[in-house]
Amino acid sequence: MAFGRGAKMDGRRPSSPSSSMCTTTTVVVFVALCLVGAWMMTSTTVFPVEPTSNKKSEPIEVSTSNKKTEVKDQRAEVGFGETDEAAKSGSVSSEKFEDTDNNDNVPDESHSNRDAPEEEKFPENTMEKPVEMAEEKEPPKEKEDSKDSFDDANGKSEGQSAKEGGETGQSGDEEEKSTTDNDVEKSDGEKKEDQEGKSEDDATEQPQIEEKVEESGEKEPAAKANEAAESKNEKEAQAASKSSGDEITYSWKLCNSSAVTDYIPCLDNEKAIKKLHSTKHYEHRERHCPAEPPTCLVPLPEGYKHPIEWPKSRDKVWYSNVPHTKLAEYKGHQNWVKVSGDHLLFPGGGTQFKNGALHYIDTIQQALPDIAWGKRSRVILDVGCGVASFGGYMFDRDVLTMSFAPKDEHEAQVQFALERGIPAISAVMGTKRLPYPSRVFDVIHCARCRVPWHIEGGKLLLELNRLLRPGGYFVWSATPVYQKLPEDVEIWNAMSSLTKSMCWKMVKKTKDTLNQVGMAIYQKPMDNNCYEKRSEDSPPLCKETDDADAAWNVPLQACIPKLPIGPSVRGSKWPEMWPQRLEKTPFWIDGSRVGVYGKPANEDFEADYAHWKRVVSKSYVNGMGIDWSKVRNVMDMRAVYGGFAAALRDQKVWVMNIVPIDSPDTLPIVYERGLFGMYHDWCESFSTYPRTYDLLHADHLFSKLKKRCKLLGVFAEVDRILRPEGKLIVRDNAETISELEGMAKSLQWEVRMTYAKDKEGLLCVQKTTWRPKEIEASM
């Protein structure tokens with residue numbers, strides 16, 4: 001440090017008055033400069049992030065670049081499904097998820113919110129703020145650290161393991177965020193308004209479950225790569241559209257695919273299928289999505305007509321809508337489907353029930369009264385469903401059936417099912433888990449489903465074991481049950497050995513004398529006692545690190561997940577009887593956990609249901625001019641607790657509840673209340689045929705997707721799966737609503753309603769039959 005020279009140090013005489021004045025001035029200037037320097041140092045853009053766990057906080061640098069998240073295939077552990085022992089250890093249940101979207105931010109077009117009592121209003125979200133603000137000294141009551149909460153179970157971040165206190169590496173859209181001193185001084189309301197227009201770095205969908213970012217010293221290359229990718233995306237978007245002032249005009253073309261009118265991008269990816277090294281395990285029937293989602297439009301079949309309405313559609317559909325006859329030629333003698341003039345007829349038969357599905361269904365009930373269709377057994381899985389007549393007639397017994405079959409030589413079987421108004425998806429039991437959580441189906445059914453259950457250590461049957469609820473039934477109707485041919489006897493013996501080793505008990509073996517077929521009914525155990533008493537650990541119990549609920553792109557495991565332990569754990573007891581289970585809060589959801597919207601979980605569930613009952617009744621059913629008699633197949637593209645689907649119970653519809661893979665894992669709750677759904681990544685195409693849904697509903701989905709993929713491809717997928725004259729209802733922020741409205745108009749869709757208030761909006765549009773003339777270049 002340099003010292004200034006004084007009189008005693010240099011031997012000079014005392015300075016004159018004028019000299020003193022100059023010295024004083026110099027000192028004042030020097031002090032001022034020091035103060036400015038100190039202010040600048042305190043205003044640096046580098047500061048520590050407040051820790052959200054025991055991990056020491058590290059400084060990060062504010063970056064203006066948008067960071068994209070990566071969704072890993074393996075999903076994280078589910079908070080509400082852990083055993084009591086796990087809950088005590090806090091290794092899982094201490095993780096949180098909250099969804100900051102407040103549904104009441106979207107104005108109710110019926111203006112019912114103004115008059116609704118306070119307890120009926122959807123909870124105001126208090127978490128729409130940067131991560132650092134989520135753990136203030138005085139947190140909201142519903143977010144006390146002493147409470148457990150649900151987990152985002154749909155994907156751990158790359159290379160990260162789950163940790164306490166909200167630092168779980170989930171596959172959410174969020175990144176660690178930063179704030180300035182000015183933000184700290186703002187009120188919550190001001191911060192909420194400021195964040196509406198911020199980049200995804202400041203978005204806080206689930207403030208305490210965000211994608212982990214690398215340390216600041218390692219982040220720059222990734223940030224540069226993301227900037228380059230985003231710049232490329234922007235250029236591509238500009239190349240695909242023409243700018244006219246502030247309005248973008250999109251240039252649409254027809255898809256150039258050999259599948260033509262039946263194009264399913266992730267199942268008809270011929271380039272990827274040709275590169276497969278093996279098809280032994282039906283790899284060619286599994287999903288192989290294009291690197292970039294298609295932005296083309298699927299053409300309509302010639303002579304396409306508005307689908308026949310339910311329930312008449314169960315018996316016949318327009319041939320011009322699904323112009324395929326191969327299945328009628330191949331399976332007509334089994335009463336699957338027949339051609340009659342302009343229609344395809346469905347007599348209600350199947351390979352195992354040529355004389356009708358209802359008789360077959362009632363035969364199962366008579367053989368095992370405890371199955372109690374429509375009461376104890378509400379949600380079932382039909383493997384290898386054909387044209388889904390079994391599921392179609394299960395509606396007569398108040399049972400909801402998730403049917404699936406591959407896109408194979410049984411031409412358009414799933415498309416027939418959906419055209420009839422019966423729920424189904426295109427899927428195969430191959431090398432990966434099915435897109436459902438564990439322990440959710442009350443019954444699983446297989447009628448000549450052509451699945452080799454007994455081979456390779458029973459890997460495929462063990463997948464059904466993962467999906468079947470403890471105490472649930474597996475109904476197997478196949479030739480090995482009732483025929484004595486050498487091959488059948490061999491398979492029966494192998495199945496008997498396998499099911500015994502899995503602790504499945506055969507509770508009934510019976511024969512349907514009318515259809516001349518037999519069936520065996522097995523029951524899964526309710527606890528682990530049998531597993532622990534086995535003389536051989538084969539099949540082995542799954543490792544503790546294996547998450548039974550992880551289902552998106554997860555390889556099949558030839559093991560048995562241990563059953564839940566403890567009276568307050570999901571799966572430890574059977575749900576309420578139907579229909580009571582629809583409205584009653586699941587027993588394993590209580591106030592000790594934090595719900596998606598920030599309240600104690602049980603209150604969150606109840607508030608969500610009250611909200612959707614109000615919105616559906618006052619807006620969707622009575623306020624939008626939708627003729628619900630013409631609506632049958634419905635999809636909630638971002639279901640949370642299934643409240644939207646539950647509120648539609650009185651309508652003659654079924655709802656496919658989709659829980660996106662980067663969202664909180666609430667799908668087990670949907671099943672617990674007697675509804676169904678699946679996991680999906682909306683940056684990829686859905687496993688369904690074109691023109692299969694009458695109504696799509698998306699609550700704050702698209703604004704989140706913008707952080708991971710381009711909306712143009714997502715909207716092209718919406719167009720693909722929506723029927724002409726079908727409706728899309730979107731609730732989202734006003735900016736996203738405006739963007740989607742522009743895309744809908746470019747497709748010549750009819751805008752039936754658009755409404756915005758307080759930066760939130762609602763959009764209802766109707767698809768038309770318009771298709772472009774130009775076909776895109778070869779794919």
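The values are calculated or read from the model by the stated rules, or taken from the named source; none is laboratory data. These figures come from a predicted structure and were not determined experimentally. Using ideal geometry, Cβ is built from the backbone for each residue, glycine included, and neighbour counts are taken over all protein chains shown. Heavy atoms of the whole protein, side chains included, go into the accessibility calculation; ligands, DNA and RNA do not. Shrake-Rupley method; radii C 1.70, N 1.55, O 1.52, S 1.80 Å.
Some observations on this one:
- Given Lys326/Lys630; Lys316/Lys505; Lys432/Lys710; Lys305/Lys652; Lys354/Lys509, the pairs whose alpha carbons are separated by over 31 Å: Lys316/Lys505
- Computed from point charges on the beta carbon alone (+1 for Lys and Arg, -1 for Asp and Glu), the dipole magnitude for segment 571-626 about its Cα centre is near 120 Debye.
- Each Lys and Arg adds +1 at its Cβ and each Asp and Glu adds -1 at its Cβ; summed about the Cα centre, segment 616-706 shows a dipole of about 300 debye.
- When the pairs Lys407/Lys704; Lys274/Lys407; Lys511/Lys562; Lys508/Lys584 are compared against a 23 Å limit on Cα-Cα distance, Lys407/Lys704; Lys511/Lys562; Lys508/Lys584 fall above it.
- Shape analysis of segment 472-521 yields a ratio of the Cα radius of gyration to the Kirkwood radius, Rg/Rh, of 0.97.
- Dividing the convex hull volume of the alpha carbon atoms of segment 317-364 by its residue count gives 67 Å³ per residue.
- Largest to smallest accessible area among Arg570, Arg534 [probe 1.4 Å]: Arg534, Arg570
- Computed E for Trp574/Lys305 - FRET, C-beta separation, R0 60 angstrom, nearest 0.05: 0.85
- Gyration tensor verdict on segment 591-660 (Cα atoms; rounded if a/c is under 1.5, prolate if a/b is larger than b/c, oblate otherwise): prolate
- Volume of the convex hull of segment 453-603 (Cα atoms only), normalised per residue: 163 Å³.
- Cα shape, segment 557-629, gyration tensor, a/c 1.5 rule: prolate
- Stretching Met624 away from Lys759 to a fully extended chain increases their span by 46.5 nm, per 0.36 nm per residue minus the current alpha-carbon distance.
- Anisotropy class of segment 600-722 from Cα gyration tensor, a/c 1.5 cut: oblate
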